[in-house]
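Read the structure below first, then the notes.
The values are calculated or read from the model by the stated rules, or taken from the named source; none is laboratory data. Note that the structure is predicted; figures quoted are calculated from it, not measured. Here the Cβ is made from the backbone with ideal geometry for all residues, glycine too, and neighbour counts use every protein chain on show. The area values use the complete protein model at the heavy-atom level, side chains included, leaving out ligands, DNA and RNA. Shrake-Rupley method; radii C 1.70, N 1.55, O 1.52, S 1.80 Å.
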Amino acid sequence: QVQLVESGGGLVQPGGSLRLSCAASGSIFNIYDMGWYRQAPGKQRELVAYIGSGGNINYADSVKGRFTISRDNAKNTEYLQMNSLKPEDTAVYYCMAKLQQRIGVAATDYWGQGTQVTVSS
């Protein structure tokens, strides 16, 4: 079994910062892509940031220059540093990892349970 456990969400004032973490554990042979998504009330889930196994990175236009995604392959962990937070960043944030549990098995997407980020004064 594979688990993705997120931490770091919470309530922050506009202009503040938060750092989300997502640790993958269990039967893992290799992790390919990792990413962060978010879903605000009444809206569809959207991609926030993505980091490939080769280090290639993409961001949603709405977070460019404010958010930074990174990963520590030795710890099977990804991070999302969020600065200059705005009320419109309020959402449940989900981490995702495309990983292979063992040789010969196709890679599959796994998701964290979600962590609430609320930006409000």
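For Lys86, a cut-off of 18 angstrom between C-alpha atoms picks up these lysines, skipping any fewer than 8 places away in its own chain: Lys43, Lys64.
Pull out a ≥ b ≥ c, the square roots of the eigenvalues of the alpha-carbon gyration tensor of the stretch 39-93, then state rounded if a/c is under 1.5, prolate if not and a/b is larger than b/c, and oblate in the remaining case. Prolate. Computed on the chain, with alpha-carbon pairs under 8 angstrom and 6+ residues apart, the relative contact order is 36 percent. Taken along the Cα-to-beta-carbon direction at a fixed 7 Å, the label points for Lys75 and Arg45 span 2.4 nm. For Asn30, the residues 5 or more places off, or on other chains, whose built amide H falls under 5 Å of its own are Gln100. In the full protein context, the chain carries 53 Å² of accessible surface per residue, based on a 1.4 Å probe and ignoring ligands, DNA and RNA. Taking 0.36 nm per residue of sequence separation and removing the Cα-Cα distance, the Ile28/Lys64 pair yields an extension gain of 9.9 nm. In summary, the lysines within cross-link reach of Lys98, defined as a Cα separation below 18 angstrom excluding same-chain residues under 8 places away, comprise Lys75. Counting protein heavy atoms only, the chain has 47 percent of its accessible area on carbon and sulfur, 1.4 angstrom probe.
Residues whose amide H comes within less than 5 Å of that of Thr90, counting only those at least five positions distant or on another chain, are Val119 (H built at 1.01 Å from N in the peptide plane). Here the chain yields Rg over Rh of 0.98, to two decimals, using C-alpha coordinates and the Kirkwood radius. Here the dipole of the chain is about 60 debye; that uses its Cα centre as origin and unit charges on the Cβ of Lys and Arg (positive) and Asp and Glu (negative).
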